[in-house]
Every structure is written in C-alpha cells, then in structure tokens.
1. For region 276-313, enumerate the residues that are among the hydrophobic types (A, V, I, L, M, F, W, C) and within 26 Å of the chain's Cα centre (by Cα).
2. Among the residues of region 284-298, are any open to solvent by 30 Å² or more (accessible area, probe 1.4 Å), modelled with pLDDT under 85 and within 30 Å of A224 (Cβ to Cβ)?
3. Looking at region 133-143, is at least one residue of a type in the set (A, V, I, L, M), at pLDDT below 90, in a helix (DSSP H, G or I) and open to solvent by less than 60 Å² (accessible area, probe 1.4 Å)?
4. Scan (1) farther than 30 Å from R336 by Cα; (2) touching a Ser or Thr at 6+ places or on another chain (Cβ under 9 Å) for the single condition A246 breaks and write down its number.
5. Scanning region 162-195 for residues that are over 37 Å from the mean Cα position of the chain (by Cα), open to solvent by less than 70 Å² (accessible area, probe 1.4 Å) and touching a residue at least 24 places away in the same chain (Cβ under 8 Å), which turns out nearest to R128 (Cα to Cα)?
6. Somewhere in region 59-81, is a residue aromatic (F, W, Y), more than 21 Å from R196 (Cβ to Cβ) and either in contact with a helix residue (DSSP H, G or I) (Cβ under 9 Å, 6 or more places away or on another chain) or at pLDDT below 90 (or both)?
7. Got a sec? Which strands (runs of 3 or more DSSP E) wholly within region 210-278 have at least 2 residues that are hydroxyl-bearing (S, T, Y)?
8. Of the residues that sit in region 317-337 and are open to solvent by less than 30 Å² (accessible area, probe 1.4 Å) and under 15 Å from P36 (Cβ atoms), which one is modelled with the lowest pLDDT?
Amino acid sequence: MTPEQSFSRWVQVALGIFILSFGYFVLADNYAPMTPQAQVQRYVVPVAPRVAGQVSRVWVESNQPVAAGDPLFELDDSDYRLALERAELDLGLAETELERQGAAVRAAESQLEQQRLQAQELEREARRLGRLQRGGHMSVQQLEQAQNLAAQAHSGLLSAEARLQEVRQGGRAAEVGLRQAENARVQARLALSRTRVRAEVAGRIGNLQLKEGNYAQAGAPLLALVSEQAWVTADLREKSLRHVAAGTAVGIVFDALPGEVFRGHVESIDSGVREGQQAADGQLAQPVNSDRWVRDAQRLRIQIGLDDPLPALATGAKATVQLFPTENWLFRTMARLQLWLVSQLRYLY
C-alpha cells in the first residue's frame with residue numbers, strides 16, 4: 001500500500017468517524033439528552049431577629065443540625081422586660097380610669113333620674129296651680145313662680161342629660177384606652193419573647209458569623225439555616241427538551257459519588273428565564289445586536305425529584321443528569337451507556 005493510499009484510507013476513516021459521531025450527537029441530543037450543568041438545591045432560610053438588641057448568648061455552632069423550635073441565639077432582654085413592666089403599669093392605670101369613668105356614669109345617671117323626678121313633680125305642681133288659678137283660688141304671681149320653677153327643673157334635666165352623654169363619652173374613651181393598653185402589653189410581651197430566636201424549620205446551621213456582644217438589627221440576617229429538603233436542578237438546551245415532560249425518568253451521577261447512579265424523575269420545567277423578562281419601566285425595547293452566525297443556545301432549568309434516598313451531599317454539589325425521554329430500546333441503551341461512562345470518568349476528574 002502506497003503512502004497516498006494509506007493517507008486516503010485514514011482520511012476516509014476519519015470522515016466516517018466524524019459522520020458517525022455527528023449522527024450520534026444529533027440523535028443523543030434529541031432522544032437521550034445529558035447535561036453536566038446540574039446541582040443539589042436546598043431551601044436556605046436567612047435567620048434574622050425580629051427585634052434589635054445586643055447578642056447575649058449563641059446556642060449553636062456552624063454546621064450543627066437543629067430541629068424546628070430549637071433556640072439559636074438570644075438578645076439582651078433587659079429593655080424589653082422594662083417595656084413589658086411599663087405596659088402592665090399602663091394597663092393598670094387604664095383599668096382604674098375605666099372604673100372611675102364607670103362610677104362617674106352611674107353617678108350621672110342617678111343625678112339625671114333625680115332631676116327627672118323633680119322636673120315631673122314641679123310640672124304637676126304647676127298644672128295643679130294653673131287649675132286653681134283659673135278657678136280663682138290662686139293668684140297669678142303664685143302660678144308664675146310655680147311655672148318658673150318647673151322651667152328651671154326642665155333646664156336642669158337637659159343639663160343632666162348632656163352631662164350624662166359627656167360622661168359616657170369619657171367612658172368610651174376609657175374603654176379605648178384600656179384596649180390600647182392591652183395591645184401595648186401584648187406587643188411588649190411578644191417583643192420580649194422574640195429576644196430568643198428559634199429555628200423555624202429543621203436543618204443545619206450555615207455561615208455562622210455570630211458572637212456574643214454583637215449588636216443585631218431587626219430584620220438583618222445573622223446566619224443561614226439550610227433545610228433538609230433537597231432536590232436537583234439541571235439546565236438543558238431548549239431543543240433537548242422537546243420530548244421531555246413531567247414524569248420523565250432521569251439518571252443522576254454526583255461528582256462526589258463516582259460510579260454510583262441514582263434514579264429520579266422530572267418534576268417540572270421552568271416556564272422562562274430572566275433574559276425573557278421585560279420590566280414595565282417605560283423604556284423602549286433594546287434588541288440584541290450580534291454579528292455571530294451561530295448564537296449560544298438558550299437553556300431552560302428543570303427540577304428533578306429523586307426516587308432513591310438522597311445521600312448526605314452539600315447544597316450546591318455538582319451532578320450530571322441523563323434523561324430517558326423515550327421508550328425506544330436503542331436510545332435507552334445509548335443513554336445508559338452515556339451515564340455509565342460518565343459515572344466511571346468521575347473517578348478521574
């Protein structure tokens with residue numbers, strides 16, 4: 001075989017390998033997609049106090065597991081205890097004021113009743129004297145005096161009614177003051193209880209940078225609580241997801257556990273990405289200007305649930321995800337071979 005023939009054969013072999021590889025890539029990308037862009041996700045809850053104060057005690061350490069309700073740290077509660085005591089004193093004053101207003105209302109009602117009886121009596125006396133005067137048995141002066149007394153009694157009755165309304169308004173104001181004092185006590189008691197910060201969910205302490213003596217601002221996170229609930233997210237090209245839907249079988253290989261394959265399934269596919277989101281800010285659209293003939297493919301994120309128990313992996317642990325979107329035995333065999341090869345290569349890199 002001449003050198004020219006040997007070279008021609010090698011060129012043919014290379015072209016054949018390229019064509020087979022290209023065909024395999026096209027088929028695998030559509031019917032056996034795989035991505036190394038996957039990682040373990042967990043809910044990370046920033047823990048922040050709801051009141052401000054100086055940290056007096058830290059109950060946990062970094063990476064310590066905690067259960068829901070376990071204490072994490074405490075703030076100095078001396079100011080909040082004084083605030084609660086002040087609120088309780090104000091509540092006692094409000095209760096005393098309400099009792100005083102209640103007594104004033106009862107006194108005003110009694111006075112009104114006395115004034116009403118007196119006015120009724122003087123009116124009857126004036127009518128009786130009027131009948132006597134018409135019969136000539138009483139002078140006009142005596143009748144006018146009786147009528148004046150009845151009018152004065154009626155005016156006193158109106159004054160007593162107005163006084164009763166005023167006292168009742170004071171009583172209603174005292175009731176409002178009492179409710180305000182009760183609310184203030186509840187708020188003070190709630191603020192005092194919030195000086196001890198507890199875990200809202202079970203998890204593990206992360207990024208603990210808290211020491212006794214630090215001053216904590218209300219709402220400012222001081223540590224992170226990593227929950228035990230975990231899932232896997234993977235990013236794939238749009239074209240690779242044509243045959244993928246919720247429930248599609250998945251194989252997962254974690255970088256930290258080479259040689260092991262875990263089973264899972266697709267739970268959901270994100271409906272969009274940030275580049276497709278437009279804010280209603282009053283600005284015109286800004287088209288993307290690019291002179292590239294081949295642009296980068298858009299990737300979408302899928303959420304994967306594990307069918308096998310998830311090992312103890314860190315949040316953000318990298319993984320490779322193989323999807324099985326079709327029941328065809330050839331494509332499933334290709335996918336299994338791809339995943340097995342990746343699981344073995346994880347021993348090397």
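1. Of region 276-313, the ones among the hydrophobic types (A, V, I, L, M, F, W, C) are 279-280, 284-285, 288, 293-294, 297, 300, 302, 304, 306, 310, 312-313.
Scanning region 276-313 gives A279, A280, I302, I304.
2. To start, the set of residues in region 284-298 that are open to solvent by 30 Å² or more (accessible area, probe 1.4 Å) comprises 284-298.
Retained after the next criterion (residues that are modelled with pLDDT under 85): 284-298.
The next check asks that each one be within 30 Å of A224 (Cβ to Cβ); those that pass are none.
For region 284-298, residues open to solvent by 30 Å² or more (accessible area, probe 1.4 Å), modelled with pLDDT under 85 and within 30 Å of A224 (Cβ to Cβ): absent.
3. At the first step, the residues of region 133-143 found to be of a type in the set (A, V, I, L, M) are 138, 140, 143.
Pick out the ones that are also at pLDDT below 90 and you get 138, 140, 143.
Then keep just the ones that are in a helix (DSSP H, G or I); that gives 140, 143.
Subsequent filtering for residues that are open to solvent by less than 60 Å² (accessible area, probe 1.4 Å) retains 143.
Within region 133-143 (the criterion being of a type in the set (A, V, I, L, M), at pLDDT below 90, in a helix (DSSP H, G or I) and open to solvent by less than 60 Å² (accessible area, probe 1.4 Å)), the answer is yes, since at least one residue qualifies.
4. Among (1) farther than 30 Å from R336 by Cα; (2) touching a Ser or Thr at 6+ places or on another chain (Cβ under 9 Å), A246 violates only (1).
5. By that ranking, first place goes to L164.
6. If we filter region 59-81 for residues that are aromatic (F, W, Y), which is where we start, we get 59, 73, 80.
From the residues that got through so far, the ones that are more than 21 Å from R196 (Cβ to Cβ) too are none.
No: region 59-81 contains no residue that is aromatic (F, W, Y), more than 21 Å from R196 (Cβ to Cβ) and either in contact with a helix residue (DSSP H, G or I) (Cβ under 9 Å, 6 or more places away or on another chain) or at pLDDT below 90 (or both).
7. Details: elements: 223-237, 249-254, 262-269.
Strands (runs of 3 or more DSSP E) meeting the threshold: 223-237.
8. For region 317-337, the residue satisfying everything is A335.
The values are calculated or read from the model by the stated rules, or taken from the named source; none is laboratory data. Everything quoted here is computed from the prediction, not taken from an experiment. Heads up, the Cβs are rebuilt from the backbone with ideal geometry, glycines too, and the neighbour counts pull from every protein chain shown. The area values use the complete protein model at the heavy-atom level, side chains included, leaving out ligands, DNA and RNA. Shrake-Rupley method; radii C 1.70, N 1.55, O 1.52, S 1.80 Å.
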